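What follows is one structure encoded as structure tokens, with my remarks underneath.
The values are calculated or read from the model by the stated rules, or taken from the named source; none is laboratory data. All values derive from a computational prediction rather than experimental measurement. We place every Cβ from the backbone using ideal geometry, glycine too, and count neighbours over all the protein chains shown. These accessible areas exclude ligands, DNA and RNA; they are computed on the full protein's heavy atoms, side chains included. Shrake-Rupley method; radii C 1.70, N 1.55, O 1.52, S 1.80 Å.
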Amino acid sequence: EQATEAVERSTAAGFEAVSLDLIFAVPGQARAGWESSLRRAVELRPRHISCYELTVHQGTRFFRARERGHFAEVVDDDKADRFFFTHRFLADTGYPAYEVSNFARHPEFRSRHNTKYWNHAPYLGLGPSAHSFDGRRERWWNERRLIDWQSAVGEAGSGVREAETLTAEQRVLEVLALGLRTTAGVDLDHIAGRYGVDLMPANAALIERLAKRGVIEGGTGARLVP
């Protein structure tokens, strides 16, 4: 009820770009309950919907509760069932996927923020826990806790905690991993031109096998689409 009210108030106040985030594969969540949540989300007609599988991270309350046996994660087959059901349901109700977890009513409503990550574009993160990338080789991230970030800024003039320089192999692997999350896929000619790595000769047989299995499309061309 609170989520519904928040969307309705936002829309009534004139906010046009409203997006909903939902989590599936929650312990005890029946498929019918998940379908009901999706149906209610669609009825609210947001521009954008994100649906994420519950992930239990170390150090969180969920992690500690799982370790104590207070709940068990959903089995992989049920997670897969929810995932494919989500994609079919939202596509049928006017929200086609453009990335594994993201759906939009129209291409212009896709997240420009997240698209920068998937396209390996440069971005600048400000504040505690923020990450940044120069679009080429350098990545850095800030102190996670507010008090540590404040101290670092006060003492050194910067809240940066650590940085790394990506190798050519790391950059290409990231481009592949991020690009294959999206319906746009990856352009092998673009990778060759931007990073100087031609992936076709060494991977032609693999690409052909994946294309025959229906895992990717365009196996004979320069673009791979999942």
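Structural remarks
- Within region 165-186, restricting attention to residues that are of a type outside the set (A, V, I, L, M, F, W, C) and open to solvent by 50 Å² or more (accessible area, probe 1.4 Å), the residue that is modelled with the highest pLDDT is THR165.
- Top-ranked residue of region 168-200 - restricted to ones that are closer than 21 Å to GLU138 by Cβ and charged (D, E, K, R), ranked as farthest from the chain's Cα centre (by Cα): ARG194
- Within region 143-158, considering residues that are surrounded by 12 or more Cβ atoms within 10 Å (Cβ to Cβ) and among the aliphatic types (A, V, I, L, M), the one farthest from GLY196 (Cα to Cα): LEU146
- Long-range neighbours under 8 Å by Cβ, at least six apart or interchain, first residue among the charged types (D, E, K, R) within region 31-58, second assigned to a strand (DSSP E or B) and open to solvent by 70 Å² or more (accessible area, probe 1.4 Å): GLU53/ILE23
- In region 127-142, residue nearest to GLY193 (Cα to Cα) [restricted to those that are touching a strand residue (DSSP E or B) at 6+ places or on another chain (Cβ under 9 Å) and either in contact (Cβ under 8 Å) with a residue 40 or more places away in the chain or open to solvent by 40 Å² or more (accessible area, probe 1.4 Å) (or both)]: ARG137
- Restricting attention to region 22-33 and to residues that are open to solvent by less than 50 Å² (accessible area, probe 1.4 Å) and at pLDDT 95 or above, the residue that is farthest from ASN102 (Cα to Cα) turns out to be PHE24.
- Near pairs, Cβ below 6 angstrom, 6+ apart or cross-chain, from region 1-18 (farther than 10 Å from PRO46 by Cα and part of a loop (DSSP other than H, G, I, E, B)) to any residue that is open to solvent by less than 90 Å² (accessible area, probe 1.4 Å) and modelled with pLDDT under 95: none
- Flag if GLU162 is more than 25 Å from VAL100 (Cα to Cα), surrounded by fewer than 12 Cβ atoms within 10 Å (Cβ to Cβ) and of a type in the set (Asp, Glu): yes
- Residues in region 204-226 that are open to solvent by less than 50 Å² (accessible area, probe 1.4 Å), free of Cβ contacts under 8 Å to residues at least 40 places away in the same chain and either within 21 Å of the chain's Cα centre (by Cα) or under 26 Å from ARG136 (Cβ atoms) (or both): 2 in all.
- Scanning region 62-104 for residues that are β-branched (Val, Ile, Thr) and either under 20 Å from ARG39 (Cα atoms) or touching a Lys or Arg at 6+ places or on another chain (Cβ under 9 Å) (or both) yields VAL74, THR86, THR93, VAL100.
- The lone exception for ARG68 - which of (1) farther than 18 Å from TYR98 by Cβ; (2) basic (Lys, Arg); (3) surrounded by 13 or more Cβ atoms within 10 Å (Cβ to Cβ) it fails: (3)
- Some residue of region 42-56 being in a helix (DSSP H, G or I) and either among the charged types (D, E, K, R) or at negative phi (or both): yes
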